[in-house]
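The values are calculated or read from the model by the stated rules, or taken from the named source; none is laboratory data. From a predicted model like this one, the values you see are computed outputs, not experimental measurements. Positions of Cβ are backbone-derived with ideal geometry, glycine not excepted, and every protein chain shown enters the neighbour counts. Ligands, DNA and RNA are excluded from the accessible area calculation, which covers all protein heavy atoms including side chains. Shrake-Rupley method; radii C 1.70, N 1.55, O 1.52, S 1.80 Å.
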Amino acid sequence: MSSPSPRPVGPAPDGPAPDDSAARLTRTDRLLNVVERLGNRLPEPFMLFLILFAITGIVSTAMALAGVKVSVPGSDEVTVIKGLFTGEGMAWLTTSLGENYLGFPPLVTVMPILLGIGIAQHSGLLAAGIRAMFGSSPAWLLPYVVGIVGVVASIMSDSAFVVVPPLAALVFKAAGRHPVAGLLGGFAAAGAGYSTNLVPTSLDALFAGITNSVIETVSGLGATTVNPVSNWWFNIASSIVLALIAGFIIDRVIEPRLVRQDIPRDETIEEDADGQAPETSGESSEQMRAALSRPEKRGLLLTVLAGLVLTAIVLLAALVPGSPWRNEDGGFLPSSPLLDSIVFLVFLYFVVLGSVYGMATGTLRSTRDAVRMMTEALKEMLPFIVLAFILGNFIALFNWSGIGSWIAVTGAEGLEHIGLTGFGAVVGFILLASVLNLFIISGSGMWTIMAAVFVPMFALLGYEPAFTQAAFRVGDSATQVITPMNPYMVVLLGMLRKYEPSAGLGSLFARMLPFVVPFWIAWTLILALFFAFDLPLGPGNGIHLGQ
């Protein structure tokens with residue numbers, strides 16, 4: 001399905017005169033304008049981290065010249081701050097620049113998983129699965145299906161923002177419900193729940209890689225290495241709850257309000273230069289009425305069977321006595337070759353299932369097709385691959401200089417001094433992430449900044465890095481659908497204006513806010529429950545150090 005082209009963001013052609021519009025600005029509009037202006041002043045991500053790299057180099061040099069030292073609790077070693085702009089620092093940079101880049105942990109974990117997702121996505125498997133879930137659902141259940149599909153659609157990365165909303169609108173309309181409710185609900189679920197999923201995704205691998213890159217600053221505390229399933233139990237609980245909340249809000253808040261506002265249920269037909277309506281206006285609706293074709297249904301059935309067979313093989317290989325995927329004690333937790341093979345397993349599932357579906361439907365006929373699909377997936381990640389160059393070197397400098405350890409120790413001592421070491425400190429961290437998310441849309445970029453400081457800081461307070469990462473997920477996603485810095489807000493506005501030509505960013509903000517607050521509160525409460533009952537966040541990963 002092709003996504004609609006974004007239209008200019010601003011007053012609609014039939015809107016009020018500029019003077020009237022300025023006079024009618026609401027507090028929401030003014031707040032959005034402030035956020036947009038502040039966000040626009042931020043440099044693009046590569047330049048932002050280049051500036052941070054330079055600042056870290058200057059500060060580290062000043063601290064090195066001042067003879068600053070730090071001792072990490074639990075370690076007898078004293079860390080002496082080293083400066084970038086010294087002879088030692090320059091030698092370190094010139095000899096390790098490439099290693100800092102290619103050794104950046106997210107590249108090691110993300111790239112293989114991304115290749116597998118490329119086959120699953122470009123073979124049509126992921127889109128067909130979404131259509132199957134939508135098409136087989138009764139009208140009363142659709143809001144909740146949109147909720148679960150939106151949350152789980154993060155497996156498709158940013159494609160979820162342009163695939164799920166219009167598809168949800170079409171199925172809502174076909175079921176006699178308001179299509180705009182499906183449109184808005186699909187976007188909200190995909191955006192506000194972006195950092196969680198029922199299954200491990202490339203985002204889990206990305207976050208885990210960044211987290212591991214800073215664990216070495218507190219290696220003496222015995223922190224557990226993070227992997228793509230370290231937050232899996234937390235993610236499953238979060239996905240189910242957020243999906244149900246999204247469905248409830250769509251059904252009980254968004255759709256009734258759209259009806260009260262008398263928002264049109266039909267797209268506005270725009271005439272071309274000859275005064276004729278475009279012929280494609282009904283194609284998507286017809287496609288939805290036809291649902292899945294016979295080859296697609298057959299492909300999904302074979303994919304499910306292949307998934308069952310593959311799962312049986314994996315279980316057999318892992319559960320047999322003496323399995324090489326067991327640890328020395330014959331188990332799997334807290335660490336084992338099986339847990340260390342998560343990246344391989346996720347890659348394997350996506351490749352096998354995507355290939356089976358592609359061969360069944362004819363979208364994958366040869367290895368050349370598979371290579372093309374994986375190449376397309378890598379193309380979508382090229383901006384991150386470039387950004388990883390400066391991210392890797394920034395993290396490496398933070399660790400090598402010792403600044404990360406100094407900030408962590410100083411910050412932890414400050415929190416202990418004021419008595420803020422429990423869940424209150426975690427809530428403050430989530431709030432900070434939520435505010436920063438209004439300005440820094442890149443989840444990897446923001447986690448790189450925050451992980452360098454908060455992973456070691458919370459480790460000194462006794463919390464596992466996996467727990468800090470789980471807390472970041474809450475703040476990273478919830479506010480993503482109310483910031484004009486999110487480029488897909490413009491795409492959504494273009495979709496919305498097909499039904500409501502006068503809609504603006506203020507309209508989107510008002511309709512997304514009912515999702516943001518409940519999502520934030522519920523997600524924080526889920527984390528609080530895991531914290532209160534000391535539940536494992538994923539296989540082999542608890543909340544407190546030393547478990």
task: Can you tell me which residue among GLY191, GLY135, GLY176, GLY124 is more than 30 Å from ASN399 (Cβ to Cβ) and crowded, with 24+ Cβ neighbours inside 10 Å?
output: GLY191
query: Among the listed residues LEU493, LEU438, which satisfies the condition of being in a helix (DSSP H, G or I) and farther than 18 Å from VAL226 by Cβ?
result: LEU493
- prompt: Considering LEU345, LEU316, LEU308, which residue is touching a residue at least 12 places away in the same chain (Cβ under 8 Å) and of a type outside the set (Val, Ile, Thr)?
  reply: LEU345
field: Qualifying residue in the stretch 319-328 (condition: surrounded by 20 or more Cβ atoms within 10 Å (Cβ to Cβ), at pLDDT 85 or above and touching a helix residue (DSSP H, G or I) at 6+ places or on another chain (Cβ under 6 Å))
entry: no
query: On the given criteria, is ALA360 at pLDDT 85 or above, closer than 30 Å to GLY83 by Cβ and aliphatic (A, V, I, L, M)?
result: no
- request: Under 9 Å between Cβ atoms, at least 6 apart or on separate chains: pull out the pairs that start in the stretch 215-230 with a residue that is part of a helix (DSSP H, G or I) and end on any residue that is β-branched (Val, Ile, Thr) and open to solvent by 20 Å² or more (accessible area, probe 1.4 Å).
  value: ILE215/THR224; ILE215/THR225; THR217/THR79
message: Between a residue in the stretch 503-532 that is closer than 29 Å to GLY422 by Cβ and any residue that is of a type in the set (Lys, Arg) and assigned to a helix (DSSP H, G or I), which pairs come within a Cβ distance under 9 Å, given they are 6 or more apart or on different chains?
response: TRP523/ARG473; LEU527/ARG473
Members of the stretch 396-421 that are outside any helix (DSSP H, G or I) and open to solvent by less than 30 Å² (accessible area, probe 1.4 Å): GLY402
message: Among (1) loosely packed, with under 13 Cβ neighbours inside 10 Å; (2) farther than 30 Å from PRO539 by Cα, there is one condition VAL371 misses while meeting the rest; what is its number?
response: (1)
- request: Please specify each residue of the stretch 487-515 satisfying the condition of being under 30 Å from GLN469 (Cβ atoms), modelled with pLDDT of 85 or more and open to solvent by less than 10 Å² (accessible area, probe 1.4 Å).
  value: LEU492, MET512, PHE515
- prompt: Just one of the numbered conditions (1) modelled with pLDDT of 85 or more; (2) part of a helix (DSSP H, G or I); (3) open to solvent by 10 Å² or more (accessible area, probe 1.4 Å) is not true of ALA208; which one?
  reply: (3)
task: Hey, can you tell me all the residues within the stretch 357-395 that are in a helix (DSSP H, G or I) and either more than 30 Å from HIS122 (Cβ to Cβ) or charged (D, E, K, R) (or both)?
output: ARG368, ASP369, ARG372, GLU376, LYS379, GLU380, ASN393, PHE394, ILE395
- prompt: Identify, please: which residue in the stretch 146-168 is hydroxyl-bearing (Ser, Thr, Tyr) and surrounded by fewer than 24 Cβ atoms within 10 Å (Cβ to Cβ) and is, among those, nearest to ILE130 (Cα to Cα)?
  reply: SER159
field: Pairs where the first residue, in the stretch 139-152, is farther than 7 Å from ALA189 by Cβ and part of a helix (DSSP H, G or I) and the second is open to solvent by less than 40 Å² (accessible area, probe 1.4 Å) and among the basic types (Lys, Arg), C-beta under 9 Å, 6+ apart
entry: ALA139/ARG177; LEU142/ARG177; PRO143/ARG177
- request: Name every residue in the stretch 183-205 that is modelled with pLDDT under 85 and outside any loop (DSSP other than H, G, I, E, B), in order of residue number.
  value: ALA192, SER202
